[in-house]
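Any read-out appearing in this document is the output of simple, stated calculations on the displayed coordinates, not a laboratory observation. Computed from a predicted structure; not experimentally measured. Positions of Cβ are backbone-derived with ideal geometry, glycine not excepted, and every protein chain shown enters the neighbour counts.
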Amino acid sequence: MFAVISDRSRQIGVRVGDVVACDLNQALETGQTVTFDRVLLISNEGRVQVGKPTVDGASVAGKVLGAFRGPKTISMRFKRRKNVRKKQGHREGYTRVQITDIRG
């Protein structure tokens, strides 16, 4: 069974047992169950359901494994001969979720 879920601004293809990185949610704690209601597509044994925009009555459940931070990205602003230099780093926060069930 395969599903495509929408997590805030990203679409993620998942199967049962997959570990995915979702956008950081401070309210979630390790071991807590999370439910994704916005299921865009479900494929089950050759039968495909495509939502318009979501599949009615479908949901994906997962268990929170913990929070982590992604790789550091560095942005740089520079103007030659003007003594203008600005270097800034950023690390995005993510929540690691293991998919336990796909209903639909």
(request) Return the total of residues in segment 1-34 being among the charged types (D, E, K, R) and over 22 Å from PRO53 (Cβ atoms). (result) 2
(request) Can you give me the ranges of the strands (runs of 3 or more DSSP E) entirely in segment 18-98 with at least 1 residues that are in contact with an Asp or Glu (Cβ under 8 Å, 6 or more places away or on another chain), of a type in the set (Asp, Glu) and surrounded by 12 or more Cβ atoms within 10 Å (Cβ to Cβ)? (result) 19-23
(request) Considering (1) without any contact (Cβ under 8 Å) to a residue 12 or more places away in the chain; (2) under 17 Å from VAL97 (Cβ atoms); (3) loosely packed, with under 12 Cβ neighbours inside 10 Å, say which one GLY13 fails and leave the rest. (result) (3)
(request) Could you please let me know if LEU24 is in contact (Cβ under 8 Å) with a residue 24 or more places away in the chain and either farther than 16 Å from GLY62 by Cα or touching a His at 6+ places or on another chain (Cβ under 9 Å) (or both)? (result) no
(request) Please state which one of LEU65, LEU40 is within 14 Å of GLY13 (Cα to Cα) and under 16 Å from the mean Cα position of the chain (by Cα). (result) LEU40
(request) Return yes or no: is ILE102 in contact (Cβ under 8 Å) with a residue 40 or more places away in the chain, surrounded by 12 or more Cβ atoms within 10 Å (Cβ to Cβ), out of contact with any Gly (no Cβ under 7 Å at 6 or more places or on another chain) and at negative phi? (result) yes
(message) Taking the criterion of being under 12 Å from the mean Cα position of the chain (by Cα) and among the aromatic types (Phe, Trp, Tyr), would at least one residue in segment 24-36 satisfy it?
(response) yes
